[in-house]
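What follows is a set of notes on a single structure, which appears directly below.
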Amino acid sequence: MDVVDRLIQGSIDMHVHMGPDAHLARSVNALQAAAQAEAAGMRAIVLKSHDYPTAPLASIVGQQSQSVTIIGSLCLDFAVGGLNPAAVEASALLGARVVWMPTFSAAFDMNKRGLAPGGISLTGKQGKLLPAVAEILNLAKRHEMVLATGHVSFLEIKTLVEEATKLGISKVVVTHALEPRFGATLSVEQQVQMAAKGAYIEHTYLSTLPAGGAIGIQALIEAVRAVGAGHCILTTDLGQKENLPPAAGLREAVASLLDGGLSEHDVELMLKTNPATLLGLS
């Protein structure tokens, strides 16, 4: 077994896109994503949809998987009612372990993509979190869910992380911090600042690819070194029709990081240790 295969064994991908999808063509459906993860020797994957809660799907698909854990999640976009505490509670009770703040429905993201105004913000005119967000934070804490920041602005991320820290929430992830296309693109200094407040910084392989943000693998490596791998997670964010399927893409990601000079220890932290801690799999 070569070093890449060894690192893939027992790995966790917390950001997997799959079909069915209401708007985008996907390279795999949920069953295929699970089967490919199992064949690769992975430990777990988190199914993510911008359109619907994935906990029921994860539960059913997981019954077909012998060795890989399939985990559900929820994106708080328009399709589930936006900042909807009832949806968070229901998903948590169905087994979801990750809740994303708005992604494609976030006001900041919609503005960045040149869409009409009217998206979802986390804060009001005074810069304070909306009551619904406060309720969602309490639910995330009660159910020990991972709180991911989604595609909101850096100011919203900062406010969210600070409030989560006050509440004693330790499972916070800054969503694809280097991504240039969607959501906030954080500077390395901003990433360090959020990590110092207890958040994990997510780096996705998709962001390095031509079909993604095309930041290049070295930009990712430099950010990891600045923040510290102990405060980062590595995910694929794959599932797009034009890219490799998630499991195959993860293998390519690991090989690219090693070729770029990142240590095996750092890859293990981002791909195994830190995700396991976040998802309660330790």
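The values are calculated or read from the model by the stated rules, or taken from the named source; none is laboratory data. Just so we're clear, the structure is a prediction, and the values are computed from it rather than from any experiment. Positions of Cβ are backbone-derived with ideal geometry, glycine not excepted, and every protein chain shown enters the neighbour counts.
Residue count for the range 19-58, restricted to those that are surrounded by fewer than 21 Cβ atoms within 10 Å (Cβ to Cβ), part of a loop (DSSP other than H, G, I, E, B) and of a type in the set (A, V, I, L, M): 3.
Taken over the range 203-241, residues that are surrounded by fewer than 21 Cβ atoms within 10 Å (Cβ to Cβ), of a type in the set (Gly, Ala, Ser) and within 14 Å of residue 253 (Cα to Cα) amount to 3.
To keep it simple, each residue is scored yes or no on (1) at pLDDT 95 or above; (2) among the hydroxyl-bearing types (Ser, Thr, Tyr); (3) surrounded by 23 or more Cβ atoms within 10 Å (Cβ to Cβ); (4) under 19 Å from residue 202 (Cα atoms).
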{"site": "73", "(1), (2), (3), (4)": "yes, yes, yes, yes"}
{"site": "80", "(1), (2), (3), (4)": "yes, no, no, no"}
{"site": "90", "(1), (2), (3), (4)": "yes, no, no, no"}
{"site": "116", "(1), (2), (3), (4)": "no, no, no, no"}
{"site": "136", "(1), (2), (3), (4)": "yes, no, yes, no"}
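Taking the range 90-193 and the helices (runs of 4 or more DSSP H) fully enclosed by it, no element has 1 or more residues that are within 15 Å of the chain's Cα centre (by Cα), charged (D, E, K, R) and more than 30 Å from residue 211 (Cα to Cα).
Any chance the range 191-203 includes a residue that's charged (D, E, K, R) and in contact with a Leu (Cβ under 9 Å, 6 or more places away or on another chain)? Checked the range 191-203: at least one residue is charged (D, E, K, R) and in contact with a Leu (Cβ under 9 Å, 6 or more places away or on another chain). Those helices (runs of 4 or more DSSP H) of the range 202-282 in which at least 1 residues are touching a His at 6+ places or on another chain (Cβ under 9 Å), considering only elements entirely within it, cover 217-227, 246-259, 274-279.
So that you can scan it fast, the table gives a plain yes or no per residue for (1) in contact with a Lys or Arg (Cβ under 8 Å, 6 or more places away or on another chain); (2) over 23 Å from residue 250 (Cβ atoms):
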| position | (1), (2) |
| --- | --- |
| 47 | no, no |
| 51 | no, yes |
| 54 | yes, no |
| 80 | no, yes |
| 83 | no, yes |
| 86 | no, yes |
| 108 | no, yes |
| 111 | no, yes |
| 120 | no, yes |
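If the condition is being touching an Asp or Glu at 6+ places or on another chain (Cβ under 7 Å) and surrounded by fewer than 23 Cβ atoms within 10 Å (Cβ to Cβ), then the range 242-257 contributes only 244.
Evaluated against (1) polar (S, T, N, Q); (2) in contact with a His (Cβ under 9 Å, 6 or more places away or on another chain); (3) modelled with pLDDT under 95, residue 103 falls short on exactly one condition, (3).
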